[in-house]
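Asks: Sharing a structure with you now.
The values are calculated or read from the model by the stated rules, or taken from the named source; none is laboratory data. Keep in mind the model is a prediction, meaning the values are calculated, not measured. Cβ sites come from the backbone with ideal geometry, for glycine too, and all protein chains shown count toward neighbours.
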Amino acid sequence: MNLHELVSQLIIDTKGSVSGGLFSLPTADSSLGVFAPELCLCATIVLLLFIRLFKGGSKVDLFWVMLIGTGLALVASSPWKHLGSHPPLPGSLAAVTRMEIFTGMLVYDPFTVYMRSVLIGFAFLFAVFTKLSGIPDREDGADIYTLVLGSTLGMCLMASANHLLMVFMAVEMASVPSYVLAGMLKGRRTGSEAALKYSVYGAGAAGVMLYGISLVAGLLNTAHLPTMAAQLAERLPGMPSGEIMVLALGGLLMMVGLAFKLSAVPFHFWCPDVFEGACAEVNAFLSIASKAAALALLVRVAIGFGAIPPVGIEPGSRSVAQQHAPNETVSLNHSNGGLFALADEGEEPTTASQSHTGHAEGGDEPNASAAAIDGLAASRTFMAKLIAFLAAITCTFGNLAAYGQTNIKRLLAYSTIAHAGYMMMSVAAFLVMAGDAPLQAQDAIAALAIYIATYVFMNLAAFAIVAFLRNAMHTEQIADYAGLIRRCPLTVICLSLTLFSLVGLPPLSGFIGKFAIFASLVDGYEVSVSAGHPAGFLMVLLVIGGMNTAISLFYYLRVVKVMTMEEEPADRPPFVYPEVSLQGAFVWLVTAPTLLLMLNWNVLSEWAHAATLYLLAAA
Amino acid sequence: MIGISPVSVSHYLLVGAVLFVTGAVCMATKRNALGVLMGVELVLNGANLNFVAFGSKYLRAESLGLDGQLIALFVIVLAAAEAAVALAIALNFYNNHATIDVDQANELKG
């Protein structure tokens with residue numbers, strides 16, 4: 001392959017077509033075309049940083065820049081178009097199947113669309129929330145919004161990572177701004193302590209994860225996740241035990257980094273401390289966006305080690321085909337590989353797709369891929385058991401530790417840990433089913449997607465109320481909330497609804513998510529029984545999940561009881577909390593989905609199922 | 001391979017592993033925040049050495065290729081960025097607590 005071909009292939013990958021000169025717009029099926037939401041975020045970051053350099057720029061309220069930027073990014077990602085009931089026709093330029101963009105570094109599929117819409121949509125709500133709660137003030141706005149958007153950008157990449165380099169880079173891009181956010185209130189002793197703890201633990205976990213990545217990538221001779229799966233499938237059955245040990249060690253070390261991001265026990269130490277030290281706004285960001293992205297990344301890595309994804313299309317292939325034959329619908333079966341695989345010497349001068357398909361061991365032939373999936377069964381079982389074990393202890397520990405908390409933010413931190421445990425359960429079920437029943441396995445991830453969507457609103461409402469009450473009462477102790485029902489009944493009702501929903505009581509939205517995840521555990525058990533290798537640990541997981549739900553009822557109810565049943569303290573300093581205000585409206589706005597989702601959750605379910613369509617190859 | 005060249009990929013891996021373990025021990029035992037951050041750097045560089053060794057086509061017939069070298073380059077940049085942020089946070093902690101002893105960071109617990 002000569003340089004000219006290489007460059008023109010890169011241009012096709014990036015922009016969709018070579019024709020039209022350097023400055024023509026990228027087509028809808030090119031890497032840049034589908035990367036538009038992230039590009040919007042980047043542009044907003046640049047604008048936020050530079051706007052104050054210009055005359056009069058300091059008068060601009062940067063909140064509006066943030067709001068418009070995230071709004072445009074949300075429109076660019078347009079989940080309603082791709083996941084709704086009328087998606088673009090298959091084969092048309094904008095249809096989302098599975099496409100590996102930027103020479104295989106990222107993957108663009110419906111799951112990417114769903115997760116990044118959740119993340120960007122949350123950033124939009126977060127902007128409104130910070131405007132209403134008054135943190136950051138006008139001076140700090142540029143810094144805080146830049147950090148939040150930078151972190152969101154990293155999280156979007158986490159949700160679409162398809163290469164171990166991107167896994168590590170995205171985790172770092174999401175984490176490093178979060179360290180600063182934790183300490184964003186200057187001159188606070190607790191804030192600086194929270195930031196120090198977060199950054200030290202985070203940097204350590206990232207280093208350990210990188211070492212694990214180096215072992216895995218070195219052993220399998222590739223860092224491209226689908227190729228990794230193919231290599232594993234081919235080599236795992238006959239692999240010497242020494243190499244298996246190294247592989248398992250590498251996997252475990254990678255899991256350390258992921259567990260840190262998920263705040264899974266035993267890597268959860270940072271979470272309660274950071275939540276107590278940082279302000280409630282940052283807590284909302286860390287507990288929702290960071291967790292959602294970490295779960296998406298866990299799904300991506302689990303697929304990378306445990307299943308062979310379907311063969312996707314190549315960036316630009318549709319527009320090229322349309323140019324040649326505009327009236328035909330086309331389906332090209334090519335997978336593309338790492339950029340640097342092309343540059344390797346000693347490979348035949350073929351096109352990128354062909355050379356890579358050689359690596360990926362027959363994605364086109366159903367027989368070969370079925371045999372390959374069987375080879376991965378051992379790796380899947382290992383991961384499923386590991387994740388199930390982590391989920392069980394995370395969930396139990398989070399709920400038990402939350403019981404004795406006196407600070408509401410700390411209590412919510414442990415609640416966040418417990419919820420990470422529930423959400424990880426669905427990934428374990430997914431891994432059990434991935435080999436035998438891909439469609440049901442995808443439903444397990446759909447359950448996770450539903451849970452994440454409901455969780456966004458529950459936690460945002462809880463932290464918004466904590467922040468607004470802090471502004472009024474200057475306290476975050478649960479005991480100080482005594483008798484609040486007499487002062488601000490509407491807010492107390494909202495917080496109580498949110499807490500009941502976090503328990504998972506019907507008819508609130510938390511029930512839907514929890515039910516979906518528990519149902520996926522049962523599905524997983526049934527599939528594994530009918531396939532002849534019963535995964536009893538899924539039923540154990542179900543029992544643990546059920547018991548945890550019962551335990552969690554007590555500490556959530558305690559907060560509700562303090563707010564409603566107890567007498568107001570006589571020595572409470574006077575405070576004003578206007579219930580009929582923009583703040584109150586925001587609280588109701590984010591509580592409404594929790595309350596009303598039960599009436600019609602078909603849309604959410606439909607989107608979640610559409611989101612998981614191209615995760616696994618159909619058996 | 002070992003017959004042709006005295007240095008094989010496992011030698012590099014050994015050095016990488018020593019760096020990793022040293023860094024991990026350093027992170028676990030140092031009480032000074034800067035010492036902990038140095039431990040992180042050691043761990044990252046241990047991993048980097050692995051990447052470069054795995055990527056070299058002179059050490060093994062089938063290798064990670066240029067991916068290994070490029071990951072190493074990216075990691076160097078990320079390590080610098082992370083160190084900058086962590087040092088700024090350590091300075092902020094020092095301003096508020098007049099110490100960077102991580103054992104003194106004990107106001108948040110429960």
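Asks: Read through the list (1) over 14 Å from B:Ile71 (Cβ atoms); (2) within 10 Å of chain B (Cβ to nearest Cβ); (3) surrounded by fewer than 24 Cβ atoms within 10 Å (Cβ to Cβ), then give the number of the only condition that A:Gln231 fails.
Replies: (2)
Asks: Separate question: Which of the residues belonging to segment A:481-513 are over 22 Å from A:Val282 (Cα atoms), over 29 Å from the mean Cα position of the chain (by Cα) and not hydrophobic (A, V, I, L, M, F, W, C)?
Replies: Once the filter is applied, which keeps residues that are over 22 Å from A:Val282 (Cα atoms), over 29 Å from the mean Cα position of the chain (by Cα) and not hydrophobic (A, V, I, L, M, F, W, C), segment A:481-513 yields A:Gly483, A:Arg486, A:Arg487, A:Pro489.
Asks: Sticking with this structure for a sec: Select from segment B:89-103 the residues that are more than 9 Å from chain A (Cβ to nearest Cβ) and either in contact with a strand residue (DSSP E or B) (Cβ under 6 Å, 6 or more places away or on another chain) or not hydroxyl-bearing (Ser, Thr, Tyr) (or both) and list them in ascending order.
Replies: Those that are more than 9 Å from chain A (Cβ to nearest Cβ) and either in contact with a strand residue (DSSP E or B) (Cβ under 6 Å, 6 or more places away or on another chain) or not hydroxyl-bearing (Ser, Thr, Tyr) (or both): B:Leu91, B:Ala98, B:Asp101, B:Asp103.
Asks: Which residue, of A:Gly202, A:Gly218, A:Gly187, A:Gly207, is small (Gly, Ala, Ser) and in contact (Cβ under 8 Å) with a residue 12 or more places away in the chain?
Replies: So the residue among A:Gly202, A:Gly218, A:Gly187, A:Gly207 that is small (Gly, Ala, Ser) and in contact (Cβ under 8 Å) with a residue 12 or more places away in the chain is A:Gly202.
Asks: Which members of segment A:131-169 meet the condition of being crowded, with 24+ Cβ neighbours inside 10 Å and hydroxyl-bearing (Ser, Thr, Tyr)?
Replies: Those that are crowded, with 24+ Cβ neighbours inside 10 Å and hydroxyl-bearing (Ser, Thr, Tyr): A:Tyr145, A:Ser151, A:Thr152, A:Ser160.
Asks: Return only the number of the condition from (1) free of Cβ contacts under 8 Å to residues at least 40 places away in the same chain; (2) in a helix (DSSP H, G or I) that A:Ala570 does not satisfy.
Replies: A:Ala570 satisfies every listed condition except (2).
Asks: With the structure loaded, tell me whether A:Ser24 is among the hydroxyl-bearing types (Ser, Thr, Tyr), at pLDDT 80 or above and either over 26 Å from the mean Cα position of the chain (by Cα) or in a helix (DSSP H, G or I) (or both) or whether it fails that test.
Replies: no
Asks: Exactly one of these conditions fails for A:Gly532: (1) farther than 22 Å from A:Asp443 by Cα; (2) not in a helix (DSSP H, G or I). Give me its number.
Replies: A:Gly532 satisfies every listed condition except (1).
Asks: In segment B:68-102, how many are polar (S, T, N, Q), assigned to a helix (DSSP H, G or I) and over 26 Å from B:Leu49 (Cβ atoms)?
Replies: 3
Asks: Scan segment A:170-181 and give yes if some residue there is surrounded by fewer than 24 Cβ atoms within 10 Å (Cβ to Cβ), touching a strand residue (DSSP E or B) at 6+ places or on another chain (Cβ under 9 Å), at the interface with another protein chain (Cβ under 10 Å from one of its Cβ atoms) and under 30 Å from B:Tyr12 (Cα atoms), otherwise no.
Replies: no
Asks: Condition first: under 20 Å from A:Asn162 (Cα atoms) and among the aromatic types (Phe, Trp, Tyr). Now tell me which residues in segment B:55-78 satisfy that.
Replies: B:Phe74
Asks: Restricting segment B:19-67 to residues that are over 15 Å from the mean Cα position of the chain (by Cα) and in a helix (DSSP H, G or I), which is farthest from the other protein chains (Cβ to nearest Cβ)?
Replies: Here the residue is B:Thr29.
Asks: While we're on this one: So which of A:Val246, A:Val256 ends up being within 14 Å of chain B (Cβ to nearest Cβ) and out of contact with any Phe, Trp or Tyr (no Cβ under 9 Å at 6 or more places or on another chain)?
Replies: After ruling out the rest, the residue left standing is A:Val246.
Asks: Looking at segment A:88-102, which of the residues that are in a loop (DSSP other than H, G, I, E, B) and touching a Ser or Thr at 6+ places or on another chain (Cβ under 7 Å) is farthest from A:Leu125 (Cα to Cα)?
Replies: Among those residues, the one meeting the criterion is A:Gly91.
Asks: In segment A:264-275, how many residues are assigned to a helix (DSSP H, G or I) and surrounded by fewer than 24 Cβ atoms within 10 Å (Cβ to Cβ)?
Replies: The initial filter retains those residues of segment A:264-275 that are assigned to a helix (DSSP H, G or I), namely A:270-275.
Checking which are surrounded by fewer than 24 Cβ atoms within 10 Å (Cβ to Cβ) leaves us with A:270.
Matching residues across segment A:264-275 total 1.
Residue-by-condition table, conditions (1) modelled with pLDDT of 85 or more; (2) buried (at least 20 other Cβ atoms within 10 Å of the Cβ); (3) not in a helix (DSSP H, G or I):
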site	(1), (2), (3)
A:Leu41	yes, yes, no
A:Thr44	yes, yes, no
A:Ile51	yes, no, no
A:Lys55	no, no, yes
A:Ser58	no, no, no
A:Phe63	yes, no, no
A:Leu67	yes, no, no
A:Trp80	yes, no, no
A:His86	no, no, yes
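Asks: While we're looking at this one, here's another question. From the list A:Ser263, A:Ser214, A:Ser241, which one is among the polar types (S, T, N, Q) and within 13 Å of chain B (Cβ to nearest Cβ)?
Replies: A:Ser214
Asks: Pick out the one residue from A:Ser24, A:Ser77, A:Ser31 that is in contact with a helix residue (DSSP H, G or I) (Cβ under 9 Å, 6 or more places away or on another chain) and either more than 23 Å from A:Ala159 (Cα to Cα) or aliphatic (A, V, I, L, M) (or both).
Replies: A:Ser24
Asks: Among the residues in segment A:115-122, are any within 27 Å of A:Val466 (Cα to Cα), in a helix (DSSP H, G or I) and touching a Lys or Arg at 6+ places or on another chain (Cβ under 9 Å)? Talk me through it step by step, then tell me what you get.
Replies: Here is the first cut: in segment A:115-122, the residues within 27 Å of A:Val466 (Cα to Cα) are A:115-122.
This time we only want the ones that are in a helix (DSSP H, G or I), so: A:115-122.
Of the ones still in play, those that are also touching a Lys or Arg at 6+ places or on another chain (Cβ under 9 Å) are none.
No - not one qualifying residue is present in segment A:115-122.
Asks: Do you know which residues across segment A:18-38 are without any contact (Cβ under 8 Å) to a residue 24 or more places away in the chain and surrounded by fewer than 20 Cβ atoms within 10 Å (Cβ to Cβ)?
Replies: If the condition is that a residue be without any contact (Cβ under 8 Å) to a residue 24 or more places away in the chain and surrounded by fewer than 20 Cβ atoms within 10 Å (Cβ to Cβ), then A:Val18, A:Gly20, A:Gly21, A:Leu22, A:Phe23, A:Ser24, A:Leu25, A:Leu32 are the ones that fit.
Asks: Of the conditions (1) within 7 Å of chain B (Cβ to nearest Cβ); (2) more than 23 Å from A:Met66 (Cα to Cα); (3) surrounded by fewer than 24 Cβ atoms within 10 Å (Cβ to Cβ), A:Glu193 satisfies every one except a single condition; which number is it?
Replies: Going through the list (1) within 7 Å of chain B (Cβ to nearest Cβ); (2) more than 23 Å from A:Met66 (Cα to Cα); (3) surrounded by fewer than 24 Cβ atoms within 10 Å (Cβ to Cβ), A:Glu193 breaks only (3).
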